[in-house]
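In what follows, a single structure is set out as structure tokens and then discussed.
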């Protein structure tokens with residue numbers, strides 16, 4: 001079975017980079033040339049290039065084109081799945097709230113929207129063997145008419161919450177990991193009686209135009225999560 005054209009573009013250029021046929025800093029073929037080479041549309045070419053960019057193989061300079069990324073020795077690819085990690089698997093979720101809110105300054109800035117634009121907030125609890133192990137917050141820019149199916153949201157991963165008109169393969173993701181003493185509300189939900197710090201993972205999702213389409217904060221009990229990263 002033949003792969004979609006955008007995947008062919010992705011695989012071919014990736015192989016050229018891995019085989020040193022294209023070297024760090026070298027410009028790859030422009031979009032018009034790739035369209036002609038693969039006999040396809042500019043949208044398809046851009047989809048393949050977006051995958052290469054997401055994987056860290058290339059970067060773009062407006063007005064100049066796409067170039068092969070120079071390897072960074074201190075750069076790691078972190079594998080993160082909010083439902084599964086090296087030492088634990090979430091086996092139950094509980095939906096606490098789905099609501100439409102007016103964002104504060106921090107949230108509006110995180111989603112790059114104005115304070116006048118509403119935001120959907122989703123609050124959940126994650127459980128393992130009946131024990132609450134993580135408090136989960138997700139924020140999505142509100143789009144009028146966008147359906148909210150609570151039963152689907154309860155068990156959905158973050159990318160699955162994004163509107164269907166945004167292709168999952170085109171999503172760009174950014175995470176920030178830090179330790180934090182939880183608020184009283186989070187401590188109550190997670191049944192914490194001391195001042196232990198939680199491992200907090202912030203996620204931002206971007207569309208192919210680099211516009212934020214989601215912001216998430218998941219606070220884990222530290223003995224229920226372990227992350228791994230590999231050098232790129």
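A few points about this structure:
- Note on the range 26-37: residues that are farther than 19 Å from residue 170 by Cβ and either assigned by TED's automatic domain parsing to the domain that holds residue 169 or touching a strand residue (DSSP E or B) at 6+ places or on another chain (Cβ under 6 Å) (or both) total 3.
So that you can scan it fast, the table gives a plain yes or no per residue for (1) surrounded by 15 or more Cβ atoms within 10 Å (Cβ to Cβ); (2) modelled with pLDDT of 95 or more; (3) in contact with a strand residue (DSSP E or B) (Cβ under 6 Å, 6 or more places away or on another chain):
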{"site": "18", "(1), (2), (3)": "no, no, no"}
{"site": "23", "(1), (2), (3)": "no, no, no"}
{"site": "39", "(1), (2), (3)": "no, no, no"}
{"site": "50", "(1), (2), (3)": "yes, no, no"}
{"site": "56", "(1), (2), (3)": "no, no, no"}
{"site": "61", "(1), (2), (3)": "no, no, no"}
{"site": "69", "(1), (2), (3)": "yes, no, yes"}
{"site": "74", "(1), (2), (3)": "no, no, no"}
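- Restricting the range 46-65 to residues that are farther than 18 Å from residue 171 by Cβ and in contact (Cβ under 8 Å) with a residue 24 or more places away in the chain, the residue that is farthest from the chain's Cα centre (by Cα) is 64.
- Scan the range 90-130 for residues that are part of a strand (DSSP E or B) and under 18 Å from residue 213 (Cβ atoms) and the total you get is 7.
- The requirement of being closer than 20 Å to residue 200 by Cβ and surrounded by fewer than 17 Cβ atoms within 10 Å (Cβ to Cβ) is satisfied by residue 104.
- Only residues that are within 30 Å of residue 50 (Cα to Cα) and not in a strand (DSSP E or B) were counted in the range 177-224, giving 5.
- Positions within the range 66-84 being touching a helix residue (DSSP H, G or I) at 6+ places or on another chain (Cβ under 8 Å) and either in contact (Cβ under 8 Å) with a residue 60 or more places away in the chain or farther than 18 Å from residue 11 by Cβ (or both), in sequence order: 82
- Any chance residue 182 is touching a helix residue (DSSP H, G or I) at 6+ places or on another chain (Cβ under 7 Å) and surrounded by 13 or more Cβ atoms within 10 Å (Cβ to Cβ): no
- As a summary of the residue check, residue 87 satisfies the conditions (1) more than 17 Å from the chain's Cα centre (by Cα); (2) assigned to a loop (DSSP other than H, G, I, E, B); (3) farther than 22 Å from residue 135 by Cβ except for the one numbered (3).
- Residue 79 satisfies every condition listed in (1) surrounded by 15 or more Cβ atoms within 10 Å (Cβ to Cβ); (2) within 17 Å of the chain's Cα centre (by Cα) except (1).
The values are calculated or read from the model by the stated rules, or taken from the named source; none is laboratory data. A quick note: this is a predicted structure, and the numbers were derived from the prediction, not measured. Reconstructed Cβ throughout: ideal geometry from the backbone, glycine too, with neighbour counts over all protein chains shown.
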